[in-house]
Amino acid sequence: MDSSCAASPGTCLGDDPATNSLAFYATAAISAMGLSTMVLMQLDGVSRRVLSPMRLLAKRRQEYKYTVEQSAEYNALMMRQHVGGGKGIYDPKTEPSVWETHTKHNVEEMNDIIAEILDAEKPSPLIVAMEQDLGNDDDPNTYHLFLAFPPCHKNDKGVVEIGTPGLPSSLYRRVRVPLVDFCERLATAFEGQMTSNALCFVADASCGLGSDTLLNVVKECDHGVATISNPAWMTCLSILLSKIDKTHTITVPQFERIIFSLCRLDAWRVRNSVGVSRTVLVSLPGQSCVPLLLPLIQKVFVHERHVFVYDGASYTVEMGLALRKKHGTSYRQQASSETWDAVSSSPSVITSTFPMTPLRHIRELPEKLANLDGERASIVEAWMASVDMFLDMKARERKNFYTPFVCRMGFLMKRSGIGNGYGGDLSEVALKNALEYITGSRSRALPEKVMERAVACLTERRTAYEDAVKECRLEYDEKILVEKCVFTHKSILIGEKTLLDTVKPQEDWSLKAAKKLKSCLCCIPGEGDEEDEDGSDNEDGGNEDGDKPESKKRGLDLSVPGAFATNNGGGRAKYVDGKTQFAFDPTMFNK
């Protein structure tokens, strides 16, 4: 046999050019078919047809993870460029040599850096990045904190000014320190420092509509509140939290110290912007980060102010679609300007529409999400995860003391009144209540000019929102599919229902609702309910419930479709309470 025919099993290539060409084209065609199949599988529409709901959800979550992580890396690159002199000066090739590097053994040097940070006469450093040095063979797993100190000097009058004579004003002194060790020392230093400024954290479940609206209103009303919007370092920290016990050895207590020190550092950075209200308002970067950050921030800053702002699922999906239409889905999001506030802010289109942590297992959810396209499914899952964390924390409020100002966007956007129907325009009262809480001025009236500016800003934001979502409105059938996903959670109310302890717009407002929800989903929340003073929350606040659904943790019996029945024992009662559940089983009756 010709040796050329024995080159490989199943292949016989001779000297005939036609035969060789045919083999080449056949191989190329097979390769192209394989590549085309891979490309087609990346298309969400094709994946929905060929993959099971569980595999489809797993595939989507891998795509979410990739987009969020790439966005964080690109965001860090933009910040490096900013502190490196800007587009015209920054040279990535010089990166390794321009950072002062300190290890955990350089105790004296780290103490000197902390002393410089706490010097009130010097500008505070900017938080640039949290990264591993994978090129360091001796210590590739340690995470490092990258800080950039603005250049400054004292003028002839002894006043500190930004910029150093003879050097470009945009060059920063850049320092790299071990994340865990440095933050532990910095946290200890801040604990020993007296401060008169309060912190107020805004957690979002509205695709950024709520947090952006509140921050813009607070800025425009100019009542002495400094603002920090969607800090990118919080997004990086969320990514690390999502990988806990997987790719690093940072423990939960260490994360708590990191959060405390960096929040205080950011607040210290804007201290000169704080006025009469003595408050720094910090918005968590998007509803995707809320499930990861909120429990730790609440634990660390238990005595500070907290706001949870939310919108309905369908409205949130419309807002998310509007964000994606405006900015696209690429992780390469450009900042609106070259200022640090813009460059260091995580893009809302990423942190609001791509979930970062999966919901606890809900058996019916993958099938319901599979009925939605990738865009809508990701927004729904991100929204549900944020609301789920809120409900989980409220269920344990006797231990964690989580009593936030629960702000409903329907009030501010003039979509709804108290209850399920329209009860008139409550937007100004709702806005006043929120501002009183954020500024800590409930006991004293807000100046008239402050309210005028706040109302004018809210009107502008409302108009901009309506224009943005005008072409992204969901059809009736789409809303039904969204609400079917939400209803799999059982504890999250659908449609126009309000979350637990939503602050009702009125002069004498309260953080705690006088009545808790026990009625069916068809009723207006609180309608005909008895006051809940039976102390059904777990006194110990422990985790003995494990991974039980939120409804079981809160003692809700949902075995009766559409009914909310309270039962302190967690199981179904052996008798019928006519005030809290149906006196018959509606599943036994057919139309």
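Since every read-out is calculated from the coordinates, none of them should be taken as a lab result. Remember, it's a predicted structure, so these values are computed and weren't measured experimentally. Neighbour counts are summed over all protein chains in view; Cβ atoms, including those assigned to glycine, are modelled from backbone coordinates with ideal geometry.
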### Query
Counting only residues 5 or more places away or on other chains, whose amide H sits under 5 Å from the amide H of His248 once H atoms are built in the peptide plane?
none
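Going down the list Lys87/Lys449; Lys65/Lys414; Lys449/Lys497; Lys122/Lys219; Lys368/Lys432; Lys59/Lys394, which pairs span over 30 Å between their C-alpha atoms? Before the final figure, lay out the partial values.
Values: Lys87/Lys449 41 Å; Lys65/Lys414 35 Å; Lys449/Lys497 34 Å; Lys122/Lys219 25 Å; Lys368/Lys432 39 Å; Lys59/Lys394 32 Å.
Violating the 30 Å limit, Cα to Cα: Lys87/Lys449; Lys65/Lys414; Lys449/Lys497; Lys368/Lys432; Lys59/Lys394.
Filter the GluC sites (Glu not before Pro) in segment 47-131 down to the DSSP loop ones having no more than 16 other Cβ atoms within 10 Å, then list what survives.
Numbers: sites: Glu63, Glu69, Glu73, Glu100, Glu108, Glu109, Glu116, Glu121, Glu131; in loops: Glu121.
Filter output for segment 47-131: Glu121.
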### Query
Long-range amide H contacts for Thr279: which residues qualify at under 5 Å (H placed 1.01 Å from N, peptide plane, sequence gap of 5 or more or a different chain)?
Ala198, Ala226
### Message
Would segment 273-375 count as rounded, prolate or oblate if I go by the C-alpha gyration tensor, calling it rounded below 1.5 in a/c and otherwise prolate when a/b exceeds b/c, oblate otherwise?
### Response
oblate
### Query
What is the sum of charges around Thr459, taking Lys and Arg as +1, Asp and Glu as -1, for the other residues whose C-beta is under 12 Å from the C-beta of Thr459?
-2
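From the square roots a ≥ b ≥ c of the eigenvalues of the alpha-carbon gyration tensor of segment 232-287, which class results: rounded (a/c under 1.5), prolate (a/b over b/c), or oblate? Write out the running numbers ahead of the final one.
Details: a/c = 3.53, a/b = 2.26, b/c = 1.56.
Prolate, since a/c reaches 1.5 and a/b exceeds b/c.
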### Peptide ranges 74-81, 501-508 listed from the most packed, as the mean C-beta count within 10 angstrom indicates
74-81, 501-508
### Summary
Cα extents of segment 280-323 along the principal axes, largest first, in whole Å, come to 35, 19, 16
### Message
Between Lys59 and Thr403, what is the label-point separation in nm under the 7 Å Cα-to-beta-carbon projection?
### Response
4.9
### Message
Need one word for segment 186-250: rounded, prolate or oblate. Basis is the Cα gyration tensor (sqrt eigenvalues a ≥ b ≥ c); a/c below 1.5 gives rounded, then a/b vs b/c decides.
### Response
oblate
### Task
Taking 7 Å along the Cα-to-C-beta vector as the label spot, tell me the Asp341-Asn197 distance in nanometres, rounded to one decimal.
1.4
